[in-house]
Every structure is written in C-alpha cells, then in structure tokens.
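The values are calculated or read from the model by the stated rules, or taken from the named source; none is laboratory data. Model, not experiment: these values are computed from the prediction. Because the Cβ atoms are built from the backbone with ideal geometry, glycine has one as well, and the counts that use them run over all protein chains shown. For accessibility, only protein heavy atoms count, side chains too; no ligands or nucleic acids. Shrake-Rupley method; radii C 1.70, N 1.55, O 1.52, S 1.80 Å.
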Amino acid sequence: MAKMQLILFITAIMVAGALIVPSYAQVTLTSAPLNQTDNVTYVPVSGSIAFDPENYNSVKSVTDLTIYARSPDNIDTKVNPASDGTFNMSVPGAGNYSFWVIPSKLDYLNKTTNATYSIEYPDVASPYYKDVTATGLSGLVIPTRTVQTGKPMNATPMPPTLPAASATPTATPGFTFVAVLVALGAVCALASRKY
C-alpha cells in the first residue's frame, strides 16, 4: 500500500507542477534546412524609420522599436534602430523580403485639434515587401500610415486608466485544483492506515 501512496503522491506533484508552472507563448523563428546553411552569403540592408516620442504607448525612444526582415526561406533577422532612426542588418541572401515592426501601432494626440490618431507600421499580418539584391539594399524607408482614431474634442483626452485593483486576494483556479489533489492524497493516506 505504501507504493500506491508514493505513486499517488508523485502523480499529484507532477499534475500540480504542470498546472502551477505558467506556460509562455514562444516565438519560434524558423531557420534554413540543414543542407542550405553552407555557403550562405549575407548581404547588407540599411535604412531608416520615422518615430515621434510623444505617444501614449510608453515607447519613448526609436531604439525601443524592433524591425524584422523575413527571407523567402522564412529566416527572420531583427534589429533595433539607432537613436537617429537608422538601422543596419545583414540578411541571408537576395530575394523578396517582408519587413515589419514591433510594436506596429503608436497612439498620439494632435494638440492643435485635440483629436487622437495612430501611426501604424507594417505588422506581421500585413508586412512591407521589398526586393533585396545580391549586393544588398540601402536607403530602405519603413513606411508609416496615419489613422484618425478620435474626433476633435473640447478637452484634452487623457491616456486610458486601468480599473482599481481589488484589495481582496482571490484563489487562482490552479490553486483550487492543487488543494483538491492534496486533500485527495491525504484522504487516501488516512484510508490506507485504517486498513
């Protein structure tokens, strides 16, 4: 019976561990097949990106943006621009590349008209495509699009506020499940001692 208790205890620990440990979404960048990694010639890509630090997204420097380039073979290259908005990267060979930026949208206020608007960069769902030659690409300008998001108002809008946090702690669903497993293990242990 002691072996059964040990098995139940270990199973409870494993299930609890699987539920307690948070699983984070991971971005998996694809790489070239093994037979294509030899003799890859990297070519330079350079350009610039426009940026206004007066946004409500807490992105205060152009260096906080990340520019991605995906090759025709689905190999991703990323770079953060320099403080003047210029960037340089080396990509694996020539071809039609897709470019996008993260974060892809920044929110602003036109202080003259009190209207809100957003500046959008290409994103992964709708990237910017550009051909890269065997000698590389220079002078690439990442495009932006201005989108009106709010009508002019009489008062200056403030950034959105979060609701007040609750002061009373609440158990998470995982905690309740672990507590049930521990209670079940204790009941099994007590039951086995009686017999």
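For the reader, a short list of remarks on this structure follows.
- For residue 78, the lysines whose Cα falls under 16 Å of its own Cα, not counting residues fewer than eight places away in the same chain, are 130.
- Using θ = phi - 60° in the Karplus curve 6.51 cos²θ - 1.76 cosθ + 1.60, the 3J(HN,Hα) couplings for segment 121-132 round to 9, x, 10, 5, 6, 9, x, 9, 9, 8, 7, 10 Hz; x is entered for Gly and Pro.
- Taking packing as the residue-averaged number of other Cβ atoms within 10 angstrom, the listed peptides 130-136, 69-75 run from highest to lowest as 69-75, 130-136.
- Whichever aspartates and glutamates have a C-alpha closer than 15 Å to that of residue 111, once near sequence neighbours (fewer than 8 apart) are set aside: 52, 54
- Expressed as a whole percent, the accessible area of segment 39-142 that falls on carbon and sulfur atoms is 48 (1.4 Å probe).
- Using the Cβ of residue 107 as centre and a radius below 12 Å, the other residues enclosed give a net charge of -2, where K and R count +1 and D and E count -1.
- Heavy-atom SASA rank of 129, 68, 108, 56 (probe 1.4 Å, accessible area, largest first): 129, 56, 68, 108
- Taking every protein chain into account, the accessible area of segment 39-142 amounts to 50 square angstrom per residue (probe 1.4 Å).
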